[in-house]
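Engineer: Below is one structure. I have some questions about it.
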Amino acid sequence: MTSTPRTRRRPRYLAHAGLMAFGLFMLYPLIWLLSSSFKPTPEIFTSPGLIPENFTLENYVAGWTALDSPFSRYLLNSLIVVVGSIIGNLLACSLAAYAFARLNFKFKRFWFAVMLGTIMLPIHVVIVPQYILFAQLDWINTYWPLIVPKLLATDAFFIFLMVQFIRGLPKELDEAARIDGCGHFGIFWRVIMPLSLPALATTAIFTFIWTWNDFFSQLIFLTGPDMYTVPVALRTFVDATSQTPWGPVFAMSIVSLGPIFGFFLAGQRYLVRGIATSGIK
């Protein structure tokens with residue numbers, strides 16, 4: 001008995017329906033968070049439905065001005081740290097990747113292995129020496145401890161990603177540029193960088209997401225309320241000695257998620273191309 005086109009389509013429809021159901025299941029906490037941000041605080045945990053019975057924007061108004069500074073201050077602090085981290089990673093990691101992918105120097109494989117080994121090094125191992133160093137430089141409660149390390153190519157994951165991408169570019173392009181009089185920096189800037197746009201976009205997107213959501217290092221190095229970033233500011237809403245204003249917390253959590261979704265959606269196609277062409281499976 002041969003199968004008809006209609007019977008062959010059924011497994012595909014079932015698979016799509018299953019994926020949609022699983023996607024809704026994974027998105028349910030975010031949908032609940034969004035719905036709760038429009039509910040009065042006493043109603044959040046007493047009304048389990050996703051549709052607010054008493055729709056209100058008071059949580060957003062109260063959350064924006066609930067702390068010592070307007071929430072826009074914390075968004076600006078996070079934006080400064082994120083922009084500095086992205087610029088640092090794009091410049092430093094791409095230069096290091098070009099050196100590993102195109103240059104020949106002594107102990108190249110050894111240093112490449114050392115670089116990869118730092119991926120397995122937990123941040124908790126280096127945070128104390130870093131704090132002592134930055135304290136001696138009088139950088140505590142400034143943006144510098146969060147930005148300057150990015151200028152030193154400390155994120156080995158992005159170096160490895162760009163090394164894999166650059167290795168896939170034809171070396172004949174380098175030779176043609178060298179014939180035209182370009183040195184290593186000219187080849188890097190005029191040939192490698194324009195062709196590495198997918199890998200650079202992937203680095204920028206991941207750096208944005210990881211830095212924007214970073215709580216531990218920002219909590220350690222930023223001690224003044226005026227310097228708090230979004231994750232640290234959200235933590236200050238939670239009070240262990242009194243009732244936590246969950247409505248404003250949820251409202252500002254939704255606000256803090258907006259830049260992440262926007263940046264990710266804007267560079268999604270570059271992200272897919274960068275990962276697909278970098279040999280990362």
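Engineer: Could you give me the residue pairs with C-beta distances under 9 Å whose first residue belongs to the range 248-271 and is more than 13 Å from Ala204 (Cβ to Cβ), whose second residue is acidic (Asp, Glu) wherever it lies, and which are 6+ apart or on separate chains?
Structural biologist: Every condition considered, the pairs that remain are Pro248/Glu58; Ala251/Glu58.
Engineer: Among helices (runs of 4 or more DSSP H) lying entirely in the range 40-150, which contain 2 or more residues that are closer than 24 Å to Ala204 by Cβ, more than 20 Å from the chain's Cα centre (by Cα) and among the hydrophobic types (A, V, I, L, M, F, W, C)? Lay out the reasoning, then the answer.
Structural biologist: Details: elements: 41-44, 58-64, 71-102, 108-117, 123-136, 144-147.
In the range 40-150, 71-102, 108-117 are the helices (runs of 4 or more DSSP H) which contain 2 or more residues that are closer than 24 Å to Ala204 by Cβ, more than 20 Å from the chain's Cα centre (by Cα) and among the hydrophobic types (A, V, I, L, M, F, W, C).
Engineer: I need the full set of residues from the range 226-281 which are at pLDDT 90 or above, of a type in the set (Ser, Thr, Tyr) and touching a Pro at 6+ places or on another chain (Cβ under 9 Å), in order please.
Structural biologist: Answer for the range 226-281, where residues must be at pLDDT 90 or above, of a type in the set (Ser, Thr, Tyr) and touching a Pro at 6+ places or on another chain (Cβ under 9 Å): just Ser256.
Engineer: Determine the pairs where a residue that is modelled with pLDDT of 85 or more, located within the range 9-33, has a partner that is part of a helix (DSSP H, G or I) with Cβ atoms under 7 Å apart, the partner being 6 or more residues away or on another chain.
Structural biologist: If the second residue must be part of a helix (DSSP H, G or I), the pairs left are Leu33/Phe250; Leu33/Ser253; Leu33/Ile254.
The values are calculated or read from the model by the stated rules, or taken from the named source; none is laboratory data. These figures come from a predicted structure and were not determined experimentally. Methodologically, a virtual Cβ is constructed for each residue, glycine included, from the backbone with ideal geometry; neighbour enumeration extends over all protein chains shown.
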